[in-house]
Amino acid sequence: MLSNFRIILGTDTVQPTARIVSPLPNEIFALEDDNFLIELEFDNPEMIADLELFFEVNGEISNAISVYVDQFVNVPKNNYYEFLNDQITGDFIENINIYIEIIDVAGSTVNDHPSGEYHNEMGPLTFSRNEITIDFETGWHLLAPPLEGQNILSEIFEEDASECTINGCILIETANSGTGFYVRNYGENQNFTFNGEVLAQFSSTLDQGWNLTGNPLVNSVDINSIIITYNNTDYNWLDAAKYGIISPTPIIYDNVNGGHIGTSELSTAVGFWVHSFYDNVGISFIPSNPVQEVEASNYWNLSLFAKENNVGANSDESIGSEIVIGIHENANNTIVNGEDQEVFPLSSISSNIFLGHYNELIINSNGSSLSRDIRSYHEPSITWDLEGESVQPFNTDQGVIFKWEFSGNNDPYDYFLDIGDGTPVNMKEVSSAVASHNHFLEEMSIRAELKEEYIGCTHPLADNYNELPNGEYCTNGTCLGGNQAEFCEILSLALPETFSIDPDLPDQAFELPISLANPQSVAIEGLQFILEYDAEMIQLNEVTLNENLGGYIIEQDICANCIPAELSVIVYYNGLGELISGEGEILTLSGNGLENTGITTISFSSVQINENANAFGNSCDISIGITYLSVSGEIIYYYNGISVSGGFISITEIDNPSNINGTISNEDGNFIVESIVGDKTYELLLAKDEYGGL
């Protein structure tokens, strides 16, 4: 007699399957809803006798719930409520998984199919209660209800709530999902509670300019999961910023530090500001939308926060501000919508009683006030000019404290903060510094210096890609900066790096050679480029062909009213003479200095040689009517009777503290500081690191 045998239904290619089509990962559900709808997809459903549904949280599994073998299945609330209610110890839970298992008509189960053919999972899912409670620290908060329904704010908060635009703020009595508002806590309550309906998703519309809105969902939201819609086209947040539809960073109010800062994560019940460059821009929170991965960078960002120092009991009333600087592979040194960001207009919403005491830090980029400025990696030394504004400070004697954090690959650079005391702060040695109130109101700066072992060729098509000028590879095999026209063996055009216009020449006329780098001796059939310049500082007249380009024709056009002004040049072979295939000076640029004095720059843009759009050009700094001096000398410190090298020499312009020139003495105590602008008054500071022995 046969016993203990089992029939396994189907074959390897013909078996019943069931897959969960809906819900999708990260969807949000209300625990109190009457039922839970799932959508299933089947193969060979006639072979399925029963389906069992399970809920799972952190390894805890519910009892089996028998469901119909149908495409759409409504699971009654009483089948899962008790299990989930026990698992949700707070207001909501984000890591609920569901899975279904098949029992076929022959009685086979998942135990007979260990490879998972009879098992299908979906998750994680979020289930939430209809109330959300948030901790409530003292000070200002920027909030938004995470549940749908009109919340009466006077029943939640002791203080008035204010809704704001850049034209000012008004008191409001109620707030619904997506409504951002400010409220102050003096310590009356340690938490507060919003009530309403749980939202699965939410959409609203942005107007041109700054918009105050909020996270409408019960859980935190990565901004890279948000959908931005413009002209009937959907974008993820990164692409919407890239294409100049919105600014890259939403602004929240950080209650811990006391100031507005940028963020990439919108926590529960947070209100935030977002800047749109157009009207009728849609913003949609759909939690099942996948988070767009951010491409890894070889570079870094630096967040710098400034706030009045030692304000004691006034800490909650004293408001600080943040700027972000950085370097990125795809960045441009000009101001780019979606890459850089204008400063948040705090002065537009503050008053004597509302956010009225603040210190605002901005980046001054050629006259534009920015809170975020990301630069190109090409230059090994980059300076960001900073400015401060102080409104109703509590105690100017205590100054302003700067705190900073790095993110990304910051080790290849050194960073120096100039806050006006004559000695730049090494930002990798400390994480904070205090500036005097007067220095905060004057010009300040941050300078990033790429270490020499990373300065080389960064163009992947060059023969010497990732090599230092001496032919060795950069540290870790990757060069991170350096003008490609200077360091790469690749087709390029170059002006002299610097040039001084003789003020005694009639009309301050000048001529600059334009040189061709052609390391592979390519025959040049044609080239085109644009020279960008400041028409208020110099006048460009024309580019002429040198004698060795006798077989070429040149065409050019000047747009002096463009910003920046442009001189466009096209050179092409006429078919009669010889094609050049060498290197050296091929063109001459002529122009005149104007009445202004100072330093200005001529830069190549859009260089193309033959059909190679990857060709490059450099820039030339032009000095007009400026005399340069060098200061040299000898400084010797002694420690235990022995001379010690490494004395620091700093020369600071009295009327412009951001103009600092410095160097370090050699082992003999000698030093030289070059290129100091004449006709100015300077302060000379001599210092020595205490650890080196003074």
Fully extended contour minus Cα-Cα distance, from D207 to L684, at 0.36 nm per residue: 166.5 nm
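Quote the FRET efficiency, to the nearest 0.05, computed for S264 versus E547 with a Förster distance R0 of 60 Å and r equal to the Cβ-Cβ distance. Can you show the working numbers first?
Working: r = 57 Å, r/R0 = 0.96.
Calculated value: 0.55.
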In Hz, Karplus ³J(HN,Hα) per residue of segment 452-461 (6.51, -1.76, 1.60; θ = phi - 60°; x = Gly, Pro): 4, 6, 10, 9, x, 7, 10, 9, x, 8
FRET efficiency, 1/(1 + (r/R0)^6) with R0 56 Å, evaluated for T601 and N232 via beta carbons: 0.85
Neighbour-count order for M47, M444, fewest beta carbons within 10 angstrom listed first: M47, M444
Rounded to whole Hz, the Karplus (6.51, -1.76, 1.60) HN-Hα couplings of segment 382-391, x for glycine and proline: 10, 10, 10, 8, 10, 9, x, 9, 10, 10
In the chain, lysine pairs with alpha-carbon atoms under 30 angstrom apart (chain gap of 8 or more, or interchain): 12
Burial order of peptide ranges 38-46, 204-212 (average beta-carbon count within 10 Å, highest first): 204-212, 38-46
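Of the listed peptides 496-509, 373-386, what is their order by residue-averaged count of other C-beta atoms within 10 Å, with the highest listed first?
Working: 496-509: 12.9, 373-386: 19.1.
My ranking of the peptides, most packed first, is 373-386, 496-509.
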Under 5 Å, built H, 5+ apart or other chain: amide partners of S500: S623
Cα-projected label distance for V522 with S368, points at 7 Å along beta-carbon direction, nm: 3.1 nm
Segment 27-38 - phi-based ³J(HN,Hα) in whole Hz, Karplus 6.51/-1.76/1.60, Gly and Pro as x: 5, 10, 9, 8, 4, 7, 4, 5, 8, 10, 8, 10
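Could you line up F181, F277 from fewest to most neighbouring Cβ atoms inside 10 Å?
Ordered from fewest to most neighbouring Cβ atoms within 10 Å, F181, F277 come out as F277, F181.
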222 nm mean residue ellipticity, helices alone, for the chain (DSSP H n ≥ 4; -39,500 (n - 2.57); rounded to 500): -500 deg cm²/dmol
Among 579-588, 511-520, 254-263, the order from most to least packed when residues are scored by Cβ within 10 Å on average: 254-263, 511-520, 579-588
For the chain, Cys with no neighbouring Cys Cβ under 4.7 Å: C620
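At a Förster radius of 45 Å, what calculated FRET efficiency corresponds to the Cβ-Cβ distance of N610 and I166, to the nearest 0.05? Show your work: numbers first, answer last.
Working: r = 50 Å, r/R0 = 1.11.
The calculated FRET efficiency here is 0.35.
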Mean Cα-pair separation over length for the chain, i.e. relative contact order, pairs under 8 Å, 6 or more apart, %: 7 percent
K451-D112 pseudo-label distance in nm [points 7 Å out on the Cα-to-Cβ vector]: 6.5 nm
Relative contact order computed over segment 353-452 (Cα-Cα under 8 Å; 6+ residues apart), in percent: 33 percent
Correct choice for volume of the Cα convex hull per residue in Å³ that was computed from the model, options [x] 259; [y] 269; [z] 170: [y]
Nonlocal amide H pairs with V75, under 5 Å, H built at 1.01 Å: F36, L37, I38
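Where a number appears in this text, it was derived from the coordinates with a stated rule and is not lab data. All values derive from a computational prediction rather than experimental measurement. Virtual Cβ from ideal backbone geometry, glycine too; neighbours counted across all protein chains shown.
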